[in-house]
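Contents: one structure, followed by commentary.
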Amino acid sequence: VNLLWAALLALLLATLVSVLRAHSVARRLARIVEFAHRLSAGDFSARIGETAQDEIAAVANALDATAARVEAVFRELEDSRNEMETVLDSMEEAVIAVDAQSRIHWTNRVMVRLAGVPIHSGGALVETVRDPDLLACVEQALRLRVTASTLARSVVPGRTFEVSAAPMLGGSAVVVLHDVTEIDRVEKTRRDFIANVS
């Protein structure tokens with residue numbers, strides 16, 4: 001009888017230990033799942049922070065190391081993007097980046113000033129710029145994947161822009177508008193003078 005009670009007590013203790021271990025493992029796995037959700041949502045600062053020395057901790061520590069590397073790369077990309085935007089904003093030319101569907105991805109401050117209205121990311125280029133020559137130039141760059149150029153005279157009344165559209169990775173394109181109003185005026189004056197002399 002004593003042996004039976006001892007066996008039952010041992011079984012009870014073993015069951016209790018198993019339940020506690022299972023609960024501990026489930027809690028640790030739940031932390032890993034929560035970490036994965038935070039990472040997929042863009043929270044690259046997420047960490048699991050396991051302190052144990054078993055297989056689960058090894059996986060958690062490897063995931064933490066990967067997250068740290070991803071966070072570092074993301075920060076570098078953000079810094080590079082900010083530097084690029086600063087450079088583009090300091091340019092005298094207007095710059096527009098469009099995606100493969102000719103939707104505006106980004107513009108610099110000069111382009112915003114030329115448009116005279118707020119430019120919303122994701123909006124169609126044709127809603128901001130109505131110049132048919134510019135739109136045809138951008139379409140050529142997007143469709144044929146070649147650098148295209150043209151003159152646009154109806155972006156801003158009374159001003160002429162030399163437009164260059166170059167294809168980019170992922171099917172997108174970047175468009176640069178260089179104000180050549182004065183050059184165009186001088187060239188027109190020269191042509192008129194030659195015509196009058198003739």
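The values are calculated or read from the model by the stated rules, or taken from the named source; none is laboratory data. All of these numbers come straight from a predicted model, not from anything done at the bench. Quick reminder, even Gly has a Cβ in these numbers, built from the backbone with ideal geometry, and neighbours come from all protein chains shown. Just so you know, the surface numbers come from the protein's heavy atoms only, side chains and all, with ligands and any DNA or RNA stripped out. Shrake-Rupley method; radii C 1.70, N 1.55, O 1.52, S 1.80 Å.
Points worth noting:
- Residue list for the stretch 50-82, given a label point 7 angstrom along the Cα-to-Cβ vector of His23 and an amide N cut-off under 13 Å: none
- Modelled FRET efficiency - R0 22 Å, Ile183 with Glu139, Cβ distances, 0.05 increments: 0.30
- Cα pair count fraction exceeding 20 Å, expressed as % - the chain: 71 percent
- Comparing Cys137, Thr51, Val174 along the charge dipole axis of the chain, the residue lying farthest to the positive side is Thr51, per the Cβ-charge model.
- For Asp79, neighbours were defined as the other residues whose beta-carbon sits under 15 Å from its Cβ, and their charges (Lys and Arg +1, Asp and Glu -1) total -3.
- With both labels modelled 7 Å from their Cα along Cα-to-Cβ, the Gln101 to Arg113 distance reads 3.2 nm.
- Carbon + sulfur, % of accessible area of the stretch 74-166 - ligands and nucleic acids excluded, 1.4 Å: 51 percent
- With DNA, RNA and ligands ignored, accessible area of Phe74 (1.4 Å probe; Å², nearest 10): 70 Å²
- Value of D in µm² per second that Stokes-Einstein yields for the stretch 103-195, Kirkwood Rh from Cα pairs, at 37 °C (0.692 mPa s): 233 µm²/s
- Within-14-Å neighbourhood charge of Ala65 [Cβ basis; K, R +1; D, E -1]: -1
- Estimated distance in nm for a label pair at Asp54 and Ile32, the labels positioned 7 Å out from Cα along Cα-to-Cβ: 1.1 nm
- Rounded FRET efficiency, nearest 0.05, which uses the C-beta distance separating Val87 from Ser45 and R0 of 22 Å: 0.20
- Alpha-carbon Rg with Dmax, taken over the stretch 1-99, Å: 25.4, 96
- Computed from the Cβ-Cβ distance with R0 of 22 Å, the FRET efficiency linking Arg190 to Val146 stands at 0.10.
- Highest average first, the peptides 77-85, 173-181 ordered by how many other beta carbon atoms sit within 10 Å of their residues are 173-181, 77-85.
- Among Ser172, Ser18, Ser90, residue whose mean-square fluctuation peaks in a GNM of the chain (springs only between Cα atoms under 10 Å): Ser18
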